[in-house]
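Since the structure comes first, as structure tokens, the remarks are kept for the end.
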Amino acid sequence: TSKSMISKFINLLISIIRVIINMEELMEEKEFKTIKYDDFAKLELKIGEVLECTKHPDADKLLVFKLNFGDHERTIVSGLAEFYEPSELVGKHLAAVLNLEPRKLRGIESHGMILTTEYVEDGQEFVQVIETTLPAGSIIC
């Protein structure tokens, strides 16, 4: 069962990574493009443990995360406030992209992106974090 869960997790990550790499094209064309392995290999994907999670003081849809990635901690700002209460996420181990260029979101610098899934069930759209029991700092490859 553990191998089955890991396999599902990996397949889910592959789908999400395709979205990250070609986000603008995906939004315009609504289809996935084939990428070169070298492009995929550029992504630094790791598991981070949520140490703190708070609502952004200046944005209703943003949460501010402090995550432990094993060898360091960092802040990531993510648009998950309409889907989660901050307290629900503390202690969880989440998948993230770490080597994105830092970006200020409403005054707070974000150093990565938390990976999520989007799906529709019974006509309702859901967004869900990719949660795992793998230890903080685990490399996703």
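Give me a count of the residues in the range 45-61 that are part of a loop (DSSP other than H, G, I, E, B) and modelled with pLDDT of 95 or more.
Step one: of the range 45-61, the residues part of a loop (DSSP other than H, G, I, E, B) are 56-61.
Now narrow it down to the ones that are modelled with pLDDT of 95 or more: 56.
The number of residues fulfilling the criteria is 1.
Is there any pair with a first residue in the range 67-93 that is under 14 Å from LEU105 (Cβ atoms) and a second that is open to solvent by less than 50 Å² (accessible area, probe 1.4 Å) and of a type in the set (S, T, N, Q) whose Cβ atoms are under 6 Å apart and which are 6 or more apart or on different chains, and what are they?
Every condition considered, the pairs that remain are ILE76/SER110; VAL77/SER110.
If you scan the range 76-93, which residues turn out to be touching a Leu at 6+ places or on another chain (Cβ under 8 Å) and either open to solvent by 50 Å² or more (accessible area, probe 1.4 Å) or farther than 14 Å from VAL127 by Cα (or both)? If you could, list the steps in order and put the result at the bottom.
The initial filter retains those residues of the range 76-93 that are touching a Leu at 6+ places or on another chain (Cβ under 8 Å), namely 76-81, 84, 86, 89-90, 93.
Passing the criteria: ILE76, VAL77, PRO86, VAL90, HIS93.
Run ASP71 past the list (1) exposed (fewer than 11 other Cβ atoms within 10 Å of the Cβ); (2) charged (D, E, K, R); (3) in contact with an Asp or Glu (Cβ under 8 Å, 6 or more places away or on another chain) and report the number of the one that doesn't hold.
Unmet condition: (3).
For the range 107-124, give me each residue that is surrounded by 14 or more Cβ atoms within 10 Å (Cβ to Cβ) and closer than 14 Å to VAL64 by Cβ.
Step one: filter the range 107-124 for residues surrounded by 14 or more Cβ atoms within 10 Å (Cβ to Cβ), giving 108, 110-117.
Correct list: ILE108, SER110, HIS111, GLY112, MET113, ILE114.
Which numbered condition trips up VAL127, out of (1) touching a strand residue (DSSP E or B) at 6+ places or on another chain (Cβ under 9 Å); (2) open to solvent by 30 Å² or more (accessible area, probe 1.4 Å)?
In the conditions (1) touching a strand residue (DSSP E or B) at 6+ places or on another chain (Cβ under 9 Å); (2) open to solvent by 30 Å² or more (accessible area, probe 1.4 Å), VAL127 misses (2) alone.
Scan the range 71-128 residue by residue and report those that are of a type in the set (Asp, Glu) and farther than 18 Å from CYS53 by Cβ. Give the steps one after another, and end with the answer.
Residues of the range 71-128 that are of a type in the set (Asp, Glu), as a first pass: 71, 73, 82, 85, 88, 101, 109, 118, 121-122, 125.
Once the filter is applied, which keeps residues that are of a type in the set (Asp, Glu) and farther than 18 Å from CYS53 by Cβ, the range 71-128 yields ASP71, GLU101, GLU118, GLU121, ASP122, GLU125.
Report yes if MET5 is at pLDDT below 70, open to solvent by 80 Å² or more (accessible area, probe 1.4 Å) and either in contact with a Leu (Cβ under 7 Å, 6 or more places away or on another chain) or among the hydrophobic types (A, V, I, L, M, F, W, C) (or both), otherwise no. Write out each step before concluding.
Numbers: at pLDDT below 70: no; open to solvent by 80 Å² or more (accessible area, probe 1.4 Å): yes; either in contact with a Leu (Cβ under 7 Å, 6 or more places away or on another chain) or among the hydrophobic types (A, V, I, L, M, F, W, C) (or both): yes.
Answer is no for this residue.
Take the residues of the range 66-121 that are of a type in the set (D, E, K, R), touching a strand residue (DSSP E or B) at 6+ places or on another chain (Cβ under 9 Å) and outside any loop (DSSP other than H, G, I, E, B): which is modelled with the lowest pLDDT?
The qualifying residue modelled with the lowest pLDDT is GLU118.
Is it fair to say GLY48 is over 13 Å from the mean Cα position of the chain (by Cα), closer than 20 Å to PHE9 by Cβ and surrounded by 13 or more Cβ atoms within 10 Å (Cβ to Cβ)?
On the way: over 13 Å from the mean Cα position of the chain (by Cα): no; closer than 20 Å to PHE9 by Cβ: yes; surrounded by 13 or more Cβ atoms within 10 Å (Cβ to Cβ): yes.
So GLY48 fails the test.
The values are calculated or read from the model by the stated rules, or taken from the named source; none is laboratory data. Here the structure is a predicted model, which is why all the values come from computation and not from measurement. Backbone-built Cβ (ideal geometry, glycine too); neighbour counts: all protein chains shown. We work out accessible area using only protein heavy atoms, side chains counted, and drop any ligands, DNA or RNA first. Shrake-Rupley method; radii C 1.70, N 1.55, O 1.52, S 1.80 Å.
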